[in-house]
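Shown next, in structure tokens, is the structure this report addresses.
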Amino acid sequence: MRRAQATAVATLLAGAALAAAGPGPAAPQPRAYGDRPSVAALTALGRAMFDDPALSASGRVSCASCHDPVAAFGPTARTPSPFRDDDPDHDGTRAIPSLRYAQFAGRFTEHTIDDEETHGADGGPTGGLTWDGRADTAREQALMPLFDAREMANADAASLARRVAAAPYAAQFRAAFSPPGGDVFADPSQVVGWMALAFEVFEQAPEFAPFDSRYDRWLAGRATLGEAALRGLALYRDPAKGNCDTCHPSRRSTSGRAPLFTDAGFIALAAPRRTDLPPLAPSSSASQPIASLARGAQDDLGLCRSGRPGLSEDPSFCGRFRTPTLRNVALRASFFHNGSLHSLRDAVAFYATRDTDPARWYARDADGGVHRYDDLPADAVPFVDREIPFAPRPDGRPRLDERDIDDIVAFLRTLTDADMETPAAGAAGVAR
């Protein structure tokens, strides 16, 4: 057992070394001592810290404030997304994602070649965490909110380490991570490194990937789907109707893996602008997107402003955001990177009518004309996705009618994990 634990931790630490070399904030590489820490200790401490608001400068914001376990580790219906609290300096600019199934995101690559699934075709930029893919691992992502002035707002490693040292679990942290004869709290960089790794290990616990939705049970022959959901599935897969499988694959892979309902790619959907969001951050200090002075501080440009080399000057990458999983999508109270839509039905209808009825989604210019794609600079507009279902029928009608939209929504509701279908989840304020 000790050998297995040591091997597991050694593998994680090897990954930490790779993360330290990647783009974006790098977690310091922790040092292991024999068979310490165990995976169990990392998981337990990750869980305790995830729930602890005292790790924030305000003492009010924890990881669970935005990633609530009762909402599949995403926001509840009572959590504004983008996040807001009583302090306007904390107002966020991007929607809060769920952390469920995030552990399966691969490292970012500009060119994706998958012989099994795409038969060697270049799938373009894929992978990474956050809406713009700027983090490659959960430990990198965990550092962002810890030090972001608009989130947990720790000034530096030393101030965060002091908060951990004052926490109820400080003794367990010290016992798990201190060198022989030493104290981990003497080196704040090691405290931060172990924190990041503990969050990553915790986010690989079984509750982050149950794969037990009604759809999963149906795939396994252990459940049935209603007529509307079955019609919705057919529309979802139909390349001339919903065409959803292109970015959100619903079938098992050829090797038998359960579908993740995302290809982890980046796409420009031209979500409507939200005028009530605060200005973007002027620098890449943490998880907030970078303001683009060249194109206007109000334009959240996604992938091309992620800080990854070679992307910032190419408008074809601007306006692209990572494709989220559709698992537990019916629990969400806001949709797209900026949270501009607030119902699942509206989100599906947007795909069907964005280009056939743009006045339904976009603001008007001073002359009364509809400002299509109003949250994008002009040089990014040519790269907006216009494939089906955005592309209308030859007669100009949308690909999906009202009943089609309802049926697809019925199918998407079958992707809710079993533990999120309980009365307790509903009582906690999760949007249905």
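The values are calculated or read from the model by the stated rules, or taken from the named source; none is laboratory data. What you are looking at is a predicted structure, and each value in this text was computed from that prediction instead of being measured. Neighbour counts run over all protein chains shown; Cβ positions are idealised from the backbone, glycine included.
Give region 237-250 a look and list any residue that's of a type in the set (Lys, Arg) and either closer than 14 Å to Thr414 by Cβ or assigned to a helix (DSSP H, G or I) (or both), or say none.
So the first thing to find is which residues in region 237-250 are of a type in the set (Lys, Arg), and the list is 237, 241.
Hit for region 237-250 is Arg237, nothing else.
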Original post:
Are any residues in region 238-255 loosely packed, with under 13 Cβ neighbours inside 10 Å, in contact (Cβ under 8 Å) with a residue 40 or more places away in the chain and farther than 18 Å from Tyr351 by Cα, and if so, which ones?
Top reply: Thr254, Ser255
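Quick grid of which residues meet (1) among the aliphatic types (A, V, I, L, M); (2) touching a Leu at 6+ places or on another chain (Cβ under 6 Å); (3) on the phi > 0 side of the Ramachandran plot:
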| site | (1), (2), (3) |
| --- | --- |
| Ala121 | yes, no, no |
| Pro125 | no, no, no |
| Gly133 | no, no, yes |
| Thr137 | no, no, no |
| Leu143 | yes, no, no |
| Ser159 | no, no, no |
| Ala170 | yes, no, no |
| Ala176 | yes, no, no |
| Leu219 | yes, no, no |
Original post:
What do you reckon, is Leu303 at pLDDT below 95, among the aliphatic types (A, V, I, L, M) and under 14 Å from the mean Cα position of the chain (by Cα)?
Top reply: yes
Original post:
If you scan region 80-110, which residues turn out to be buried (at least 21 other Cβ atoms within 10 Å of the Cβ) and polar (S, T, N, Q)?
Top reply: Ser81, Thr93, Ser98
Original post:
within 30 Å of Leu45 (Cβ to Cβ), part of a helix (DSSP H, G or I) and aromatic (Phe, Trp, Tyr) - does that describe any residue in region 183-194?
Top reply: yes
Original post:
Can you name the number of the only condition in (1) basic (Lys, Arg); (2) farther than 26 Å from Arg399 by Cβ; (3) modelled with pLDDT of 95 or more that Arg257 fails?
Top reply: (3)
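Can you go through Ala171, Ala234, Ala228, Ala198 and tell me which one is of a type in the set (A, V, I, L, M), buried (at least 23 other Cβ atoms within 10 Å of the Cβ) and part of a helix (DSSP H, G or I)?
Details: Ala171 fails: buried (at least 23 other Cβ atoms within 10 Å of the Cβ); Ala234 fails: buried (at least 23 other Cβ atoms within 10 Å of the Cβ); Ala228 fails: buried (at least 23 other Cβ atoms within 10 Å of the Cβ).
Criteria check complete, one pass: Ala198.
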Subject >> Extreme residue, modelled with the highest pLDDT, among residues of region 137-161 that are among the charged types (D, E, K, R) and over 26 Å from Gly34 (Cα atoms) >> reply: Asp156
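Filter region 201-224 down to the residues that are basic (Lys, Arg) and in a helix (DSSP H, G or I) and list them by number. Outline the logic, then answer.
Keep residues of region 201-224 that are basic (Lys, Arg), which gives 214, 217, 222.
If the condition is that a residue be basic (Lys, Arg) and in a helix (DSSP H, G or I), then Arg214, Arg217 are the ones that fit.
Is it the case, given these coordinates, that Ala161 is within 23 Å of Ala41 (Cβ to Cβ), touching a Lys or Arg at 6+ places or on another chain (Cβ under 6 Å), among the hydrophobic types (A, V, I, L, M, F, W, C) and buried (at least 20 other Cβ atoms within 10 Å of the Cβ)?
Details: within 23 Å of Ala41 (Cβ to Cβ): yes; touching a Lys or Arg at 6+ places or on another chain (Cβ under 6 Å): no; among the hydrophobic types (A, V, I, L, M, F, W, C): yes; buried (at least 20 other Cβ atoms within 10 Å of the Cβ): yes.
No; evaluated as a whole, the condition is false for this residue.
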